[in-house]
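The values are calculated or read from the model by the stated rules, or taken from the named source; none is laboratory data. If you're wondering where the values come from, they're calculated on a predicted model, not measured in any experiment. We place every Cβ from the backbone using ideal geometry, glycine too, and count neighbours over all the protein chains shown.
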Amino acid sequence: MAIIYVPDDYTKIQDAVDAASPGDEIRVKDGSYNEAVSITKDNLHIIADGSNVVLDGETPTTLSEPAFHVSGCSNVKIEGFTIRHYNTELFIDNGSSNNTISQCAFSDIDSGIADGSGVSISNGSNNTISHCAFSHIGNPTGATGVWISFGSNNTICQCEFNNIEAYGVRILNSSNCNDITKNRIWNSHNGIKIQDSHNNNLISNQIWRNTDTDFSLENSNNNLISRNLIDSDTSQVFSINSSKNNSISRNMIRVDTRTDAGVINILDLSCNTFSKNTIEELTP
């Protein structure tokens, strides 16, 4: 295993990735890097070797590609970067699996491009996003903290989502068996949406001060929403539409009736289970 330093050995992160072999470690020192890094090799570990390692997609040149694009590879680890001003800031696709993104900060998507996101997973499995922060994801037409499409068995854990325009987490298009655990989502439009996807676990998250819906299920079956702490100012805590055999249990819910918040909107309650939840209504 070799250790490659940026900018000592290579001035650009992409050049270091191109020179690396599977199993190598790339350490990036403090500084601002205006790059779109493509990764197609297995077993690379790319680490921010400092407290102020920034990938900036706007200065000096506005970039259209993600800061990191992990495509068709596995066991890549990306750790400790601040990433800002990209349309999508980190993209995992093309069957990529068993990759880990940790301790990164994603922010400042404001370009107006539809469906921007902090992290996007498309056709990827067994990837982990952990201990990351997402803030000011402000694209007005669908910005999301983490977006998963056609991806299964991925994990999002212990991340923070603050001031997200559309969704903290959105899972759609047959994305099954994903675990969304121990995250915090607040001051955003919506919390978590599951669409056309099944057997996902949404457990032990903290959701508060969002403006529309905290949990939304649409055409999605056999999902578990359990042990979440919800302090709701939204129009509805749960919205469940055309979905069956979902279990909503053991959640602690505080609803502020002064803001016209509602607990649940389920079109067919008989097809889902709502049990052992604790609901507290705050009144004037």
Residue in the range 47-58 that is surrounded by 18 or more Cβ atoms within 10 Å (Cβ to Cβ), assigned to a strand (DSSP E or B) and in contact with a Ser or Thr (Cβ under 6 Å, 6 or more places away or on another chain) present: yes
Selection within the range 131-167 - surrounded by 20 or more Cβ atoms within 10 Å (Cβ to Cβ), outside any strand (DSSP E or B) and among the small types (Gly, Ala, Ser): ALA143, GLY151, ALA166
Count - residues of the range 146-176 that are at pLDDT 95 or above and closer than 23 Å to ARG84 by Cα: 16
Selection within the range 111-125 - at pLDDT 95 or above and aliphatic (A, V, I, L, M): VAL119, ILE121
Filter result (hydrophobic (A, V, I, L, M, F, W, C), surrounded by 17 or more Cβ atoms within 10 Å (Cβ to Cβ) and either under 22 Å from CYS159 (Cβ atoms) or at pLDDT 90 or above (or both)) within the range 241-262: ILE248, ILE253
Some residue of the range 177-184 being of a type in the set (Asp, Glu), surrounded by fewer than 16 Cβ atoms within 10 Å (Cβ to Cβ) and within 20 Å of SER122 (Cα to Cα): no
Members of the range 219-238 found to be over 19 Å from ASN199 (Cβ atoms) and at pLDDT 90 or above, listed by number: LEU229, ILE230
Within the range 59-105, considering residues that are over 21 Å from CYS159 (Cβ atoms) and among the β-branched types (Val, Ile, Thr), the one surrounded by the fewest Cβ atoms within 10 Å (Cβ to Cβ): THR61
Residue match in the range 19-39 (condition: acidic (Asp, Glu) and closer than 14 Å to CYS104 by Cβ): no
